[in-house]
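Asks: Before anything else, here's the structure in question.
The values are calculated or read from the model by the stated rules, or taken from the named source; none is laboratory data. Remember, predicted model here, so these are calculated numbers, not experimental data. Cβ placement follows ideal geometry from the backbone for every residue including glycine, while neighbour counts extend to all protein chains displayed.
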Amino acid sequence: MTEALGQLLEYGVVGILAATGFYLYLRERKIVADYAKRDREHQVAETKAKMKYMHTLEDLVETVKAVGENSKADMNVCQGRVGVLINEVRSFLDDLKIERAKEEGRREVTDRFTLPPKGGEHEPR
């Protein structure tokens, strides 16, 4: 390359202009090549990131499916258990209602029939 520059400089001002133009042309080619290389590197990095993102999304979908299936099974078990507990609570409440009804019945019976005071007559309420 130095020989080519030397030959161009032998021609004077035109040679200097030609050498400068040739130098700028080569410099531009190098800059364009660097930009192209950086652009390709960025494209490769972006493609890698997109692929990684897609794999992550696929893993997330599989995880959500698995959690959904497990949740369905757990919900069925939970619903069965809740059903049993609700029946137990209903049974307990029914027993309380029966007991309360018996108490109310006793109150009604005992309130209607009071013993007369000693020496007095019975007065109905």
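Asks: Identify, from the list 14, 82, 67, the residue that is of a type in the set (Val, Ile, Thr), outside any loop (DSSP other than H, G, I, E, B), at pLDDT below 90 and surrounded by fewer than 10 Cβ atoms within 10 Å (Cβ to Cβ).
Replies: Step by step, each of 14, 82, 67 is checked, and only 14 is of a type in the set (Val, Ile, Thr), outside any loop (DSSP other than H, G, I, E, B), at pLDDT below 90 and surrounded by fewer than 10 Cβ atoms within 10 Å (Cβ to Cβ).
Asks: Under 7 Å between Cβ atoms, at least 6 apart or on separate chains: pull out the pairs that start in the range 86-106 with a residue that is in a helix (DSSP H, G or I) and surrounded by 10 or more Cβ atoms within 10 Å (Cβ to Cβ) and end on any residue that is hydroxyl-bearing (Ser, Thr, Tyr) and at pLDDT 80 or above.
Replies: From residues that are in a helix (DSSP H, G or I) and surrounded by 10 or more Cβ atoms within 10 Å (Cβ to Cβ), there are no pairs.
Asks: Select, from 9, 26, 5, 57, the only residue that is over 21 Å from the mean Cα position of the chain (by Cα), modelled with pLDDT of 75 or more and of a type outside the set (D, E, K, R).
Replies: 26
Asks: Something else: Determine whether residue 75 is modelled with pLDDT of 90 or more, surrounded by 10 or more Cβ atoms within 10 Å (Cβ to Cβ) and either on the phi < 0 side of the Ramachandran plot or assigned to a helix (DSSP H, G or I) (or both).
Replies: no
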